[in-house]
Structure formats: structure tokens, C-alpha cells
Amino acid sequence: MNNRIFYFFNHFAGRFDWFDDSVELFAQGIVWFMLAVMAYLWLTGKERNQKLVFYSLLTASVALMLGIFMISPLVNHSRPFVDHQIMQLIPHVPDASFPSDHATLAFSLAFSILFVKRKLGIVMLALAILTGISRVYVGVHYPGDILGAAALSFIISYGVYKRSSRLEVIPLSMIKMYRKLMK
């Protein structure tokens, strides 16, 4: 099933240069846009937004560390271009692919925001999904890599969200320190 869905998306690659260029941009650039949204939220100066940025980045950090240092070495699943003759549109090292780092970052930010700011969270979730589909299309991930990243991100995001009231002293002290530095 994982291979069939992968081939469904990847078999379109290489047919239309303008579309490939767009998807390559999505596969690599959406996470930068999402991080820019985080920077904007922080720079609004609103405590609620700044706490949201803190919790979002905490979620992403924990999820990425778990994915990179524990899950990926344990699963050690190779990338599609290593196992198959496919159309690979962006270069990538042939390291383990599960879970996707890009998708983990994107979904961690999206879910964290979704729990607090519904409308913006839905937009961010759509961007995370687009990131995931794009990573499959360009040939560097299987759909399971993306689903694994989404599941990991959701679990960590939900856990941080549920415990945020207990952790509140940390972001509040960081916000206070930031405000002192910016005076």
C-alpha cells in the first residue's frame, strides 16, 4: 500500500516542468514560511502569541529529537530513491526516511497552533499536508514517512498542550527576558 500510494504521486513527476518546480518549492520552502509565521506571532508582542510560539517550538524540538535520534535509527527505513528506480526531483542524502523531518516540523507547528488558534491552525495544517504530499511527489519520502511524522507530531503537540499550564513559568520567564532585552 505504501509503495502504491508513493508511485501514484511520484509517477506525475517529470511531466510538467512548471508543476515540478512548484512542488519542489513546496517540498523545501513551506516550512520556512511556517517558521516566518512563528516569527510574526512572536513579534506581535502579545503574550498569548509568544507563549504559543514557545510551545510550538518546544513541540517541534521534542518531536524532531525523538524522530531523529530514536525512531529513525530504530526503524531504519530507506528512502524511495534507494530502493526503486523513481523520478527524484530534489537531491537528498540516502539516510533513513521514517519519520520525515520536514513533515515532523510542519505538523508539529500546525497541530500546536490548531489547539489554540483554530483558523490559523487549519491553514498551517493545510500547509503541513501540502509539505508531506510534496515530499512524496519529489521522491524523497514514502507516504508512511509522512503519516508517521503527523502521528508523532500530533501526540507530542497534544501532550505539550495538555501540560502547558504546568510549564507556563518557562515561557513567561523567557518572554519577560526578551522584553527586557528589547527595551
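The values are calculated or read from the model by the stated rules, or taken from the named source; none is laboratory data. All values derive from a computational prediction rather than experimental measurement. Cβ sites come from the backbone with ideal geometry, for glycine too, and all protein chains shown count toward neighbours. The protein model used for the area step is the full one, side chains on, heavy atoms only, and it has no ligands, DNA or RNA in it. Shrake-Rupley method; radii C 1.70, N 1.55, O 1.52, S 1.80 Å.
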Original post:
Where residues in the stretch 155-173 are open to solvent by less than 90 Å² (accessible area, probe 1.4 Å) and among the hydrophobic types (A, V, I, L, M, F, W, C), which of them is farthest from ARG48 (Cα to Cα)?
Top reply: ILE156
Subject >> Positions within the stretch 11-44 being farther than 22 Å from LEU105 by Cβ and either in contact (Cβ under 8 Å) with a residue 24 or more places away in the chain or in contact with a strand residue (DSSP E or B) (Cβ under 9 Å, 6 or more places away or on another chain) (or both), in sequence order >> reply: HIS11, PHE12, ALA13, GLY14, ASP20
**OP:** Output yes when any residue across the stretch 19-33 is at pLDDT below 95, surrounded by fewer than 18 Cβ atoms within 10 Å (Cβ to Cβ) and outside any helix (DSSP H, G or I), and no when none is.
**Re:** no
Subject >> Within the stretch 34-63, considering residues that are surrounded by fewer than 13 Cβ atoms within 10 Å (Cβ to Cβ) and not β-branched (Val, Ile, Thr), the one nearest to ASP101 (Cα to Cα) >> reply: ALA36
Subject >> Residue selected from the stretch 78-88 under the condition surrounded by 19 or more Cβ atoms within 10 Å (Cβ to Cβ) and touching a helix residue (DSSP H, G or I) at 6+ places or on another chain (Cβ under 8 Å), by the criterion farthest from ASN3 (Cα to Cα) >> reply: ILE86
Original post:
Can you pull out the residues in the stretch 134-154 that are within 12 Å of the chain's Cα centre (by Cα) and open to solvent by 10 Å² or more (accessible area, probe 1.4 Å)?
Top reply: ILE146, LEU147, GLY148, ALA150, ALA151, LEU152, PHE154
